[in-house]
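Participant: Let me begin by handing over the structure; questions about it come next.
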Amino acid sequence: MLDPKLLRNDLDKVITNLARRGFDFPAKEYKALELSRKKLQVRAEDLRADRNAQSKVIGKAKAAGEDIAPLLQNAEKLGVDLDSVDTELNQLQVELNTLLMEAPNLLDESVPDGKDETCNQEERRWGDIVDLNFNALDHVDLAEALNMLDSAKATKISGARFTVLYKDLARLQRALIQFMLDLHTTEHGYTEVYVPYIVNANSLFGTGQLPKFADDLFALKGEQDFYLIPTAEVPVTNLFQDSILDSDSMPQSFVAHTPCFRSEAGSYGKDTRGLIRQHQFEKVELVHVVKPEDSWATLELLVTHAESVLKQLELPYRVVTLCSGDTGFGAAKTYDLEVWLPSQKAYREISSCSNFLDFQARRMQARWRNKSSGKNEHVHTLNGSGVAAGRALVAILENGQQSDGSIALPSILHQYMGGQETIPAK
RNA sequence: GGAGAAGUGGCUGAGUGGUCGAAAGCGCUCCCCUGCUAAGGGAGUAAGGGUCAAAAGCCCUUCGAGGGUUCGAAUCCCUCCUUCUCCGCCA
């Protein structure tokens, strides 16, 4: 959520900034609502103050045994007035709040302008792209030839965009997850955490998926307020909802492995083949909660943590800064890691690392006690994939494929595969 | 799933219709006293919001959540949630 004070004091700045995303902030509507809100709120509070004062007088009069009937009449009228003002005010506040909750975060100045992903800015590349001198297959052909992937079965038992993995491929995914968790806990200092895969709407408001992106979520049917998580970011960041951290207990960083569930509404026809875009996929997620002054340095650090996964997996990748039009709703700035896929002869997103500043913290009331100012201030939150396991699986298959149809596994994973160095050809 | 009990500030805990945003204690902060330590004395110490350029001040809201009764609710009524105990079931 944007800072309401900023909206009141420097609305133009907000309008200009959000326009870079292609977001048209409804300034006129906002101004009108805000003006009425101010009037009504002041009036409501005045009435309430009057009523409180009246009630005290009644209390005293009653205690003194005086006749309170005339006083009651007056107080009753105040109550009626207050009711009607309250009703109007509540409705206004719902409208204002919706407007605020639907506005994206301000972009950092360093974010390049651009309409879509074609304008993203490449920062650096790592790794050698191996020119496969045989007829390279994509991961689906490779895995099916090995009898380790079955989309048809998954479609039968669930539907499109699900998959069934068998044998070495299933184990390889598990190995990847273990490796990533170990790397981040032992080398990067993250605290491992296990969290629920089902969350309530409030948590999704906190991290910004709701109210705007309900269509991207799987909601459990029935009256209950339950959603499948689209990313571990939701439960992990919400560990801090409605809490005040001691400045000594910061920064905090967590790593969690969870499945992620996304409806992929609006992506019909995109990446329909294989594991790239599934309703259910595995991901290892990194989350930071830091003091405001540290968040930009933490973003750079976070990216290197995600990069180190790809380096150790010996997968060529590049880092891009998302342009203004491609940066997600809550992020002030995002770096994507894109891994090389030989079958597509392209880099594809495998990790996304973002600084949310106080945008999520304000929504979920996550604060810390600033010793020097003595005030409670919002924390800054960041998160990044470290990395998406499903896509890492794709990258390992495609980059490790040999001319005989076997898959050479990155050496770091051998220990997690019981010493196995390849997935042999069938 | 059944039966019972309970949810109050950082913590413990008092408070059953009106000067209660809430006694007391602990903790914490500052000050004083003290040769050191121990102990003692005093003051302060919830959050969110509005008004204001800002501060001060003033005001509003919040005693698990949401509704209701009332001039007035921590206190009475209803619904829900959570926790604890016992029983049942269960990975």
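Participant: Mind listing whichever residues of the stretch A:317-338 are in contact with a Leu (Cβ under 7 Å, 6 or more places away or on another chain) and within 17 Å of residue A:115 (Cβ to Cβ)?
Facilitator: If the condition is that a residue be in contact with a Leu (Cβ under 7 Å, 6 or more places away or on another chain) and within 17 Å of residue A:115 (Cβ to Cβ), then A:324, A:327, A:334, A:336 are the ones that fit.
Participant: Another one. Within the stretch A:148-160, track down each residue that is of a type in the set (A, V, I, L, M) and surrounded by 14 or more Cβ atoms within 10 Å (Cβ to Cβ).
Facilitator: A:148, A:149, A:154
Participant: Taking the stretch A:195-229 only, how many residues are within 18 Å of residue A:288 (Cα to Cα) and not polar (S, T, N, Q)?
Facilitator: Going through the stretch A:195-229 one residue at a time, the tally reaches 4.
Participant: Restricting the search to the stretch A:1-30, which residues are away from RNA strand B (no atom under 13 Å from the Cβ) and in contact with a Leu (Cβ under 9 Å, 6 or more places away or on another chain)?
Facilitator: Answer for the stretch A:1-30, where residues must be away from RNA strand B (no atom under 13 Å from the Cβ) and in contact with a Leu (Cβ under 9 Å, 6 or more places away or on another chain): A:13, A:14, A:17, A:18, A:20, A:21, A:24, A:25, A:26, A:27, A:29, A:30.
Let's see how each residue does on (1) more than 30 Å from residue A:364 (Cα to Cα); (2) in contact (Cβ under 8 Å) with a residue 40 or more places away in the chain; (3) surrounded by fewer than 13 Cβ atoms within 10 Å (Cβ to Cβ):
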site	(1), (2), (3)
A:35	no, no, yes
A:44	no, yes, no
A:53	yes, no, yes
A:83	no, no, yes
A:107	no, yes, no
A:116	no, yes, yes
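Participant: Sticking with this structure for a sec: I'm trying to understand the selection: among the residues of the stretch A:227-271, which are within 22 Å of residue A:367 (Cβ to Cβ), at pLDDT below 95 and of a type in the set (Asp, Glu)?
Facilitator: A:242, A:246, A:248
Participant: Residues A:406, A:372: which one is over 28 Å from the mean Cα position of the chain (by Cα), more than 12 Å from RNA strand B (Cβ to nearest atom) and under 25 Å from residue A:178 (Cα atoms)?
Facilitator: So the residue among A:406, A:372 that is over 28 Å from the mean Cα position of the chain (by Cα), more than 12 Å from RNA strand B (Cβ to nearest atom) and under 25 Å from residue A:178 (Cα atoms) is A:406.
Participant: If residue A:145 passes every condition in (1) surrounded by fewer than 18 Cβ atoms within 10 Å (Cβ to Cβ); (2) without any contact (Cβ under 8 Å) to a residue 60 or more places away in the chain; (3) among the aliphatic types (A, V, I, L, M); (4) farther than 30 Å from residue A:106 by Cα but one, which one does it miss?
Facilitator: Result: residue A:145 fails condition (2) only.
Participant: Okay, moving on. Could you please give the count of residues in the stretch A:326-380 that are of a type outside the set (A, V, I, L, M, F, W, C), modelled with pLDDT under 95 and in contact with a strand residue (DSSP E or B) (Cβ under 7 Å, 6 or more places away or on another chain)?
Facilitator: Residues in the stretch A:326-380 being of a type outside the set (A, V, I, L, M, F, W, C), modelled with pLDDT under 95 and in contact with a strand residue (DSSP E or B) (Cβ under 7 Å, 6 or more places away or on another chain): 10 in total.
Participant: Shifting gears a bit: Take the stretch A:282-305 and flag every residue that is in a strand (DSSP E or B) and more than 15 Å from residue A:252 (Cβ to Cβ). Full working, then the answer.
Facilitator: We begin by selecting, within the stretch A:282-305, every residue in a strand (DSSP E or B); these are A:282-290.
A:282, A:283, A:284 - these are the residues of the stretch A:282-305 that are in a strand (DSSP E or B) and more than 15 Å from residue A:252 (Cβ to Cβ).
Participant: Here is a follow-up. If you go through the stretch A:68-89 one residue at a time, how many are more than 8 Å from RNA strand B (Cβ to nearest atom), of a type in the set (D, E, K, R) and within 15 Å of residue A:53 (Cα to Cα)?
Facilitator: Of the residues in that region, 1 qualify.
Participant: Among the candidates A:154, A:136, single out the residue that is out of contact with any Gly (no Cβ under 8 Å at 6 or more places or on another chain), free of Cβ contacts under 8 Å to residues at least 60 places away in the same chain, farther than 27 Å from residue A:22 by Cβ and small (Gly, Ala, Ser). Break it down stepwise before answering.
Facilitator: Details: A:136 fails: free of Cβ contacts under 8 Å to residues at least 60 places away in the same chain.
Residue meeting the stated conditions: A:154.
Results for (1) within 13 Å of RNA strand B (Cβ to nearest atom); (2) within 22 Å of the chain's Cα centre (by Cα); (3) surrounded by 12 or more Cβ atoms within 10 Å (Cβ to Cβ); (4) of a type in the set (Lys, Arg), shown as yes or no for each residue.
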position	(1), (2), (3), (4)
A:39	yes, no, yes, yes
A:49	yes, no, no, no
A:102	no, yes, yes, no
A:110	no, yes, no, no
A:123	no, no, yes, no
A:126	no, no, yes, no
A:130	no, no, yes, no
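Participant: Give the stretch A:59-69 a look and list any residue that's over 53 Å from the mean Cα position of the chain (by Cα) and surrounded by 10 or more Cβ atoms within 10 Å (Cβ to Cβ), or say none.
Facilitator: A:60, A:61, A:62, A:66, A:68
The values are calculated or read from the model by the stated rules, or taken from the named source; none is laboratory data. Please read all numbers here as calculations on a predicted model, not as lab measurements. Backbone-built Cβ (ideal geometry, glycine too); neighbour counts: all protein chains shown.
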